[in-house]
1. Can you give me the % of accessible surface on the chain that is carbon or sulfur? Probe 1.4 Å, all protein chains present, nothing else counted.
2. Calculate the dipole size of the chain relative to its Cα centre from +1 charges on Lys and Arg beta carbons and -1 charges on Asp and Glu beta carbons; express the result in debye to the nearest 20.
3. For P(r) over Cα pairs in 10 Å bins from 0, in percent, several values are listed as (i) 14, 50, 33, 3; (ii) 13, 44, 31, 11, 1; (iii) 13, 38, 29, 16, 4, 0; flag the one computed from this structure.
4. Could you name the lysines whose alpha carbon sits less than 24 Å from that of K50, not counting residues in the same chain fewer than 8 places away?
5. Accessible area per residue of segment 24-97 at 1.4 Å probe, in Å²?
6. Starting with the highest mean, order 77-86, 32-41, 101-110 by the number of other Cβ atoms within 10 Å, averaged over the residues of each peptide.
7. Among M65, N39, Q19, whose Cα projects farthest towards the positive end of the dipole of the chain, with charges put on the beta-carbon of Lys, Arg (+1) and Asp, Glu (-1)?
Amino acid sequence: GKDKTAQEQLAQAQPAIRQLYESLAGDLNALGDDVQEKNLKLYVAFRRLKNFACVIPYRDKLLVMLKLGPDSVLLEDGFSRDVRNIGTWGTGDLELTLRTSADLEKARPLIERSYQES
């Protein structure tokens, strides 16, 4: 089947994931007046001059790609991984998996760093 767009994925996501997406997007947009949100086909990009976060929605989770060197982060199984050697759609070398608001809490400092370094 054809790849669903990010918007279609969100529309079909579990309600908890849609809510999580709203919280995440709210956080990303609140980082600064210079944040732009851009809906691309397969993901939603958040950028300053360059993308600093890309969100790829799935039915039961959100993947967040950040522009952070994975070596500068304590990687945690099931939450964060180094995707430098894996082909991915979004921008960034660090991938976070968010399923709950606790995951979002954990992701916040990393998201902030990606924003500041972009």
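The values are calculated or read from the model by the stated rules, or taken from the named source; none is laboratory data. Predicted model only: the values in this text are computed from it and were never measured. Heads up, the Cβs are rebuilt from the backbone with ideal geometry, glycines too, and the neighbour counts pull from every protein chain shown. With ligands, DNA and RNA removed, areas are computed over all heavy atoms of the protein, side chains included. Shrake-Rupley method; radii C 1.70, N 1.55, O 1.52, S 1.80 Å.
1. Details: 3050 of 6520 Å².
The value for the chain is 47 percent carbon and sulfur by accessible area.
2. On the way: 17 positive and 18 negative charges, 82 e Å.
Dipole of the chain, to the nearest 20 debye: 400 debye.
3. Working out P(r) over Cα pairs in 10 Å bins from 0, in percent from the coordinates points to (i).
4. Qualifying lysines at Cα under 24 Å: K38, K41, K67, K106.
5. Numbers: 3790 Å² over 74 residues.
It amounts to 51 Å² per residue over segment 24-97.
6. Details: 77-86: 12.8, 32-41: 11.2, 101-110: 14.9.
In descending order of packing, they fall as 101-110, 77-86, 32-41.
7. Result: N39.
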